[in-house]
Amino acid sequence: MLLKQIIIDSTVEILRRSATKLPKPVMDAMVEIKNTTNDEGALLQIQNIVDDAFLAMEESKPMCQDTGIISFTIEVGDHFPFKSELKDILKEATIQATTDIPLRPNVVDFFNGNSGNNIDSRGFLPYFYIDLIPGNDVKITAMTKGGGSSNVSKLGMLKPGLGLKGALQFVIETVAEAGPSGCPPYRVGVGIGGGEDICMTLAKKSLLKPIGYRNTDHKIAELEEALMKACNELPIGPMGVGAGKTVIDVNINLAGRHPASLPVGVVLSCWALRHSSVKITAEGDVEFTEY
């Protein structure tokens with residue numbers, strides 16, 4: 001019972017951190033943009049973003065009124081207890097966090113209206129991505145991703161003959177079409193291959209990679225750099241002022257594909273790239289991480 005309460009308390013804390021504290025590498029990226037921006041409009045917008053993020057952290061209040069649809073990425077060890085109960089435990093923590101932080105209740109049922117607690121009565125939300133790993137620890141990452149950036153994310157089922165060149169063009173076009181609607185500067189996650197559901201999951205998970213991380217496959221790393229360069233040549237800039245940096249980073253997850261398909265998923269995060277993680281051992285030791 002003690003371990004269960006530790007999981008609940010720790011999950012409430014990472015939801016609080018996710019909603020109220022911009023990860024330091026993301027904040028550093030915003031400050032760097034501010035320090036290297038010459039355009040007056042872009043400078044004003046990025047200064048507003050930095051000020052908002054600092055104020056949210058100081059007052060422990062959500063940095064955006066849209067605290068998103070909550071998802072959890074979970075890496076659970078072979079010998080960690082409560083494996084089959086983790087979903088229910090994290091749902092309990094979500095209900096508590098909605099009240100305590102507070103988080104805006106964002107889960108709306110077509111027939112019954114807003115649930116009021118960020119829980120889907122049909123059991124689909126919060127959404128869980130679960131990986132099984134060796135050991136006796138669990139790592140839980142909470143993401144509070146707003147609706148604006150989700151609305152400009154995109155799935156493309158391209159003709160295989162278009163190849164990687166076509167996939168990269170689709171990514172650039174997606175960012176261009178998003179324009180200011182998703183509150184740039186964006187973090188861009190790209191998933192290529194797998195299938196229509198797999199590529200979108202790969203794209204979303206790539207948002208959790210550290211800022212500045214490059215794929216260990218140098219060919220993919222070169223594509224990440226090329227995409228970031230191309231996206232930053234688009235006349236969008238912070239909050240769509242038309243100048244300055246549009247993208248803070250791009251990461252790609254590349255999977256195999258069916259010969260007849262070329263699925264490409266592009267998941268954008270707004271400037272408020274909100275996530276936080278905790279590792280909990282079977283003995284109840286807790287370590288919060290930020291990246």
How many percent of DSSP beta bridges within region 148-269 run antiparallel, rounded to 5?
-> 60
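For the peptides 257-268, 216-227, 105-116, what is the packing order when you average, over each peptide's residues, the other Cβ atoms within 10 Å and list the highest mean first?
257-268, 216-227, 105-116
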Fully extended, how many nm does the chain gain between R122 and F288 (0.36 nm per residue separation, minus their Cα-Cα distance)?
-> 56.7 nm
Ratio for the chain, C-alpha Rg to 2.2 N^0.38 Å, reads 1.01
Taking a cut-off of 16 Å between Cα atoms, list the lysines near K83, but don't count ones fewer than 8 places away on the same chain.
-> K4, K91, K139, K279
Per the Kirkwood definition applied to all pairs of different Cα atoms, how many angstroms is the hydrodynamic radius of region 148-269?
-> 14.0
Region 5-25-region 223-291 distance, computed between alpha-carbon centres (Å) | 20
Sorted on mean Cβ neighbours within 10 Å (highest first), peptides 178-190, 47-59 come out as 178-190, 47-59
Using the Kirkwood formula over every pair of different C-alpha atoms, what hydrodynamic radius in Å results for region 79-128?
-> 11.6
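Rg/Rh for region 1-142: what does it come to with C-alpha atoms and Rh from Kirkwood?
Working: Rg = 17.9 Å, Rh = 16.9 Å.
Computed over Cα atoms, the ratio is 1.06.
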For region 72-103 and region 31-46, compute the distance between their C-alpha centroids and round to whole Å.
-> 39
Taking every DSSP bridge whose two residues both lie in the chain, the antiparallel percent to the nearest 5 is 70
Tell me, what is the FRET efficiency for M157 and I133 to the nearest 0.05, using R0 = 41 angstrom and their Cβ-Cβ distance as r?
-> 0.85
Region 206-291 -> Rg/Rh from Cα coords, Kirkwood Rh, value 1.07
For every helix of n ≥ 4 consecutive DSSP H residues, a contribution of -39,500 (n - 2.57) applies; sum these over the chain, divide by its total residues, and give [θ] at 222 nm rounded to the nearest 500 deg cm²/dmol.
-> -12500 deg cm²/dmol
Nearest-0.05 FRET efficiency for M57 and A226, computed from C-beta distance (R0 45 Å) | 0.85
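Each value in this text was obtained by applying a stated rule to the coordinates, not by laboratory testing. Just so it is clear, the structure is predicted and the values come from calculations on it, not from any experiment. Note that each Cβ is placed from the backbone with ideal geometry, even for glycine, and that neighbours are counted across all protein chains shown.
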